[in-house]
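Single-structure report; data block below.
The values are calculated or read from the model by the stated rules, or taken from the named source; none is laboratory data. None of the values given here were measured: they were computed from a predicted structure. Cβ placement follows ideal geometry from the backbone for every residue including glycine, while neighbour counts extend to all protein chains displayed.
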Amino acid sequence: MFRFRRASLAQTNQEERLPINRERLVEYGRLLRYVRPYGRRMALAAIALVIGTLLGLVLPLVIRSVIDVVFVERKLALLNRFAGLLVIIFVAQAIFSLINRYNLGYVGERVVTDLRRELYRHLMALSLRFFADRRTGEIISRLTNDVSTLQAAVTDNLINLLGQTLTLLGGVILLFWLDWRLTCLILLGIPIVAHYHVINSEPAPFMKLCRAAICVSRYTAEQSLPKALPKPVIYNAINLDRFDRGHSLREELGIAPETTVVAFLGQIRDIKGVQDFIAMARQIPQPNACFLIAGECRDPKKFSGSYSEEDLGKMIGGDPRIRYIGYVREVENVYHTADIIVVPSRWQEPLGLINLEANACGKPVVATRVGGIPEVVEDGVNGYLVEAGDVPALVSRVSRLIADPQLRHEFGRAGRERVERLYTTMPALEFESLLLSYARKST
């Protein structure tokens, strides 16, 4: 079986470049017979490798759940459970890796021993002339280096090939399971464009595959990561037909036509500034004013920063002009009910869509100067801007609008014209143009 021959460096390099063919596979199969006596240990190593690989594929799913459930949904009570699960996965991976390495090491050493014994017996059967024609160093090299190379070929390399194949297949299956559409786009080489409707300070790994991230405002683009990723700004589009179909709720709410209605719409949370809206309403003395709060109250024990109806009642303090009307699905009806919309947000709004919707209904807005809101509300044109948490400024601007119906009309008309010009068909045209540009670059 063993044949000794001298080979030049050129011949050796030429052999290394030879393609895999049937003859070479047959030769490799002959080498595998040295592994067969240790089939059980190789099988155990392979099983440990499969389990370890699967655990490695499960790990990203657990980390994703930690981010989505614990940090996004703020279910901090589950953090310890996920931490314990991660520890279990790491420990299990270490154990199966140890089993794999130990059995591979055992089989490898036994294969080396068997190969050297057979080679030694073969050498002993050769004539003295063979040893006279060969250098001692070449023979020793066959007994040491070449045998070790063969051992790696039939143990480590074989298992590594299995592990890489499993990782590749498992990764592809996992990608299809997570999002088959995105996976198809990646495999087909179709340009991927993400959309940031909120600030993305912790971009997911797949963002490296994106050509760009469309942002709903300049503020969102400036504050989002990755910094090097192109972030074209395309504002949200407004469907005017929807807001034109809205109707007033004054009759069913028992509000007189001559009453000036000031409305708050949104989540009933501290970051939305509902507490500032109530404080503002209580400081405005006009008896013919009505202040509506539309939105869903949530349990503050489950949703941090939220207010319950009881909390709102305490803040309202019995003022009959301030009314909580609950969650209203058709928000356009609330806009048509109101004369003034107040957006007293305390957090950095990515855009502040309520301002655009109010203007679409021809209503003036009084909003805080946060996030992307200054991009859609021009102070003194289609509304007023004040600093976040500045209740006296809210009182001043809203009182001015309550007292001046003509000013309300001018602001509302300017807001409607602005929406018609910038936020109806223009975003769609910009979006189409952007996609076509990336499509041309990919062809």
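With the condition kept exactly as written, say whether any residue in the range 47-56 is surrounded by fewer than 14 Cβ atoms within 10 Å (Cβ to Cβ) and in the same structural domain as residue 173 (by TED's automatic domain parsing).
No, that holds for no residue.
Inside the range 226-244, can you point out the residues that are hydrophobic (A, V, I, L, M, F, W, C) and either under 13 Å from residue 213 (Cα atoms) or more than 28 Å from the chain's Cα centre (by Cα) (or both)?
228, 229, 233, 234, 240, 243
Are any of the residues in the range 52-64 out of contact with any helix residue (DSSP H, G or I) (no Cβ under 6 Å at 6 or more places or on another chain) and under 17 Å from residue 160 (Cβ atoms)?
Yes - at least one qualifying residue is present in the range 52-64.
Please name all residue pairs, on different chains or six or more residues apart, with Cβ atoms under 7 Å, provided the first residue is in the range 416-434 and is farther than 16 Å from residue 352 by Cα and in contact (Cβ under 8 Å) with a residue 24 or more places away in the chain and the second residue is among the small types (Gly, Ala, Ser) and surrounded by fewer than 16 Cβ atoms within 10 Å (Cβ to Cβ).
none
From 106, 102, grab the single residue that is modelled with pLDDT of 70 or more, farther than 30 Å from residue 60 by Cα and not in a loop (DSSP other than H, G, I, E, B).
None of the other options fit; the residue is 106.
Go over the candidates 217, 224 one by one and state the one that is touching an Asp or Glu at 6+ places or on another chain (Cβ under 8 Å) and outside the structural domain of residue 112 (by TED's automatic domain parsing).
Sole residue among the options that is touching an Asp or Glu at 6+ places or on another chain (Cβ under 8 Å) and outside the structural domain of residue 112 (by TED's automatic domain parsing): 217.
Name the residue, out of 298, 269, 250, that is modelled with pLDDT under 95 and not aliphatic (A, V, I, L, M).
298 is the lone residue from the list that is modelled with pLDDT under 95 and not aliphatic (A, V, I, L, M).
Going through the range 237-289 one residue at a time, which ones are more than 18 Å from residue 353 (Cα to Cα), charged (D, E, K, R) and crowded, with 20+ Cβ neighbours inside 10 Å?
Matches in the range 237-289: 276 only.
Got a sec? Which of 433, 399 is of a type in the set (S, T, N, Q), on the phi < 0 side of the Ramachandran plot and under 28 Å from the mean Cα position of the chain (by Cα)?
Only one candidate passes the filter, namely 433.
Find the strands (runs of 3 or more DSSP E) located wholly in the range 258-375 whose residues include 1 or more that are in contact (Cβ under 8 Å) with a residue 12 or more places away in the chain and more than 23 Å from residue 408 (Cβ to Cβ), and list them.
Strands (runs of 3 or more DSSP E) meeting the threshold: 322-326.
Could you look through the range 226-236, keep only residues that are in contact (Cβ under 8 Å) with a residue 60 or more places away in the chain and more than 20 Å from residue 367 (Cβ to Cβ), and pick out the one that is surrounded by the most Cβ atoms within 10 Å (Cβ to Cβ)?
234
How about the range 113-225: which helices (runs of 4 or more DSSP H) wholly inside it have at least 3 residues that are within 26 Å of the chain's Cα centre (by Cα), at pLDDT below 80 and surrounded by 14 or more Cβ atoms within 10 Å (Cβ to Cβ)?
156-188
Only residues that are part of a helix (DSSP H, G or I) and either of a type in the set (Lys, Arg) or surrounded by 18 or more Cβ atoms within 10 Å (Cβ to Cβ) (or both): list them for the range 415-426, please.
415, 416, 418, 419, 421
Residue 295: touching an Asp or Glu at 6+ places or on another chain (Cβ under 9 Å) and on the phi > 0 side of the Ramachandran plot, yes or no?
no
Which of the numbered conditions does residue 314 fail, given that it passes all the others? Conditions: (1) out of contact with any strand residue (DSSP E or B) (no Cβ under 8 Å at 6 or more places or on another chain); (2) modelled with pLDDT under 95; (3) of a type in the set (D, E, K, R).
In the conditions (1) out of contact with any strand residue (DSSP E or B) (no Cβ under 8 Å at 6 or more places or on another chain); (2) modelled with pLDDT under 95; (3) of a type in the set (D, E, K, R), residue 314 misses (2) alone.
Just to be sure I understand, how many residues within the range 240-257 are in a loop (DSSP other than H, G, I, E, B) and in contact (Cβ under 8 Å) with a residue 12 or more places away in the chain?
Number satisfying all stated conditions: 6.
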